[in-house]
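**Student:** Take this structure, written in structure tokens, and hold onto it; I'll ask about it next.
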Amino acid sequence: MWKPESFLVTEFIEEAVPLGRYLFGPDRLVGSSRSRAVQEVARLIRRAHDAGFYQPDLHAENILLRSGRKELDPFLIDLQRVSFSSSLSLRRRWHNLSVLNGGCTEANLVDRVRFLRSYLSSGPPLRIEFREAAARLEKGGRRHRFHLWRSRNKRCLAENGEFLRVEAGGFSGFARRNLWTAEFHELFQELYGSRPHPGIRWIKGFSTRTVGLLSLPRGKFCIKKYRCDGFGAALKSLFCSSQARREWMAANSVRMRGVAVPLPVAYVERRRFLFLSDSYFIAADAEGEKVSAILSRLVVPGPALSDKRALIWSMARWLRKIHACGVSGLEFGDLNIVVKTENPGKFRFSILDCSKARFGPVFWRRRMQDIIKLGEAWAHCAWISRTDKLRFLENYLGFREHEKWRKIWRYGAHRRTGRILTAWFLY
């Protein structure tokens, strides 16, 4: 069947890189060069808005910066959906800037303030104050960010540039395109034939789940096997997704929001007459140690005590970032969190199991539940004192919500679930 085609030829921009890579990539700039780039981009967008130029897909990858010369030259690309008008209203301006703000999750507060000041100071004055404009941008950017994440939750279940559908033996599922190799294909063919694979070492066994380590020439991976136990579970599988599929979706969704989790590689499942038999989930092996193992080495007075406080402060900021990204309901047990020490006093946290993650705006009650759940995991840890718990709360709440620490303290002191008191503040 004949299909029409069209081509667009434009000038090639030499030595140009996307704004996201220029500001937030591995070789990102700092200092005056970074601030100058932010200001130049703000002036470019202000000139475009004053000319009636409106681009719905305004994000960091559609803005190029050429830095080969003394002056930075910003360029706008991907213009197929651009519309023009005599003058853009304030509502359309803030909506356009909210899209850019919501897409730049790596931008810090200093970058956003510098961008907004440069935008408002360029061209004719706008009838809006700086504080009002900043509040509207933050609210609109957060709304756009959550909408973008929600629309991409099922991206890992479709054929695209990052994921692909796989079939091996009697298994079928989805995998990450750049990690799926012939070794994984042969692995599931052997598992379908019920032949033990020499590279798998099973380390944990439960009634319906088994966890093991998979050793391949290209590295180590964590493999989880889920079994469908009983007729009721098999009947339920006709209407519900397999646990491996749910964990695959949750891990990719959490990772998309900027929360560190082991890189999910693939999930496959086997069904017989539409009834689920068993399923597998594979992820990269996590690097790091348990939190309690690190704390046990930081109990001696001296420099180690400052590292202990830095660990608690880092974990408080990490949990606050998780909630700001719209993720809650994670399991915060000691076996589910690993910590990697990058530099003295700097730590990187990672969640091993995020199958029970919940997505959406995290309100106050759910935030307190996660804090208390973390307290339950550390309730009997002898290396965490009452003062450490208070420091954790202060750093989690920050300056704006500092006065609410008493509310959480009282909430934890009176909440009971079953036989134990879930107040980690009382231990």
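The values are calculated or read from the model by the stated rules, or taken from the named source; none is laboratory data. Values in this document were obtained by computation on a predicted structure and should not be read as measured data. Please note: Cβ atoms are built from the backbone with ideal geometry, for glycine as well, and neighbour counts cover all protein chains shown. For accessibility, only protein heavy atoms count, side chains too; no ligands or nucleic acids. Shrake-Rupley method; radii C 1.70, N 1.55, O 1.52, S 1.80 Å.
**Student:** How far apart, in nm, are two points set 7 Å out from the Cα along the Cα-to-Cβ line at Lys236 and at Arg201?
**Tutor:** Between Lys236 and Arg201, the simple spin-label model gives 3.3 nm.
**Student:** Over the range 94-249, with every protein chain in place, what whole percent of the accessible area is carbon and sulfur at 1.4 Å, could you tell me?
**Tutor:** Percent of accessible area from carbon and sulfur atoms in the range 94-249: 52.
**Student:** Follow-up question, since we're still on this one. Evaluate the relative contact order of the chain (contact order divided by residue number), counting alpha-carbon pairs under 8 angstrom at least 6 apart; express in whole percent.
**Tutor:** Value for the chain: 9 percent.
**Student:** When ligands, DNA and RNA are left out and all protein chains stay put, how many square angstrom of accessible area per residue does the chain have with a 1.4 Å probe?
**Tutor:** Computed with neighbouring chains in place, this is 57 Å² per residue.
**Student:** The range 30-80 to the range 150-202: how many Å between their Cα centroids?
**Tutor:** 40 Å
**Student:** At 7 Å along the Cα-to-beta-carbon direction for both Arg272 and Ser32, put a label point, then send me their distance in nm to one decimal.
**Tutor:** If labels sit at Arg272 and Ser32, their model points lie 7.3 nm apart.
**Student:** Counting each DSSP H run of 4 or more residues in the chain as -39500 (n - 2.57), what helix-only mean residue ellipticity at 222 nm follows after dividing by all residues, to the nearest 500 deg cm²/dmol?
**Tutor:** Computed ellipticity for the chain at 222 nm equals -12500 deg cm²/dmol.
**Student:** Calculate, for Ser385 and Arg177, the FRET efficiency according to 1/(1 + (r/R0)^6) with r their C-beta to C-beta distance and R0 51 Å; round to the nearest 0.05.
**Tutor:** Once the sixth-power term is evaluated, E becomes 0.60.
**Student:** In the range 349-389, which trypsin sites (Lys or Arg not before Pro) fall in coil by DSSP and have 13 or fewer other Cβ atoms within 10 Å?
**Tutor:** Answer in residue order: Lys356.
**Student:** Moving on. Taking 0.36 nm per residue of sequence separation and subtracting the Cα-Cα distance, how much length would be gained by fully extending the chain between Arg365 and Thr10, in nm to one decimal?
**Tutor:** The span from Arg365 to Thr10 would gain 122.5 nm if fully extended.
**Student:** Kindly count the pairs of lysines across the range 224-309 whose alpha carbons are less than 28 Å apart, treating pairs on different chains or eight or more residues apart as eligible.
**Tutor:** So the count of such lysine pairs works out to 5.
**Student:** Of the peptides 262-270, 165-173, 86-94, 7-15, how do they stack up when ordered by the mean number of other Cβ atoms within 10 Å, highest first?
**Tutor:** 262-270, 165-173, 86-94, 7-15
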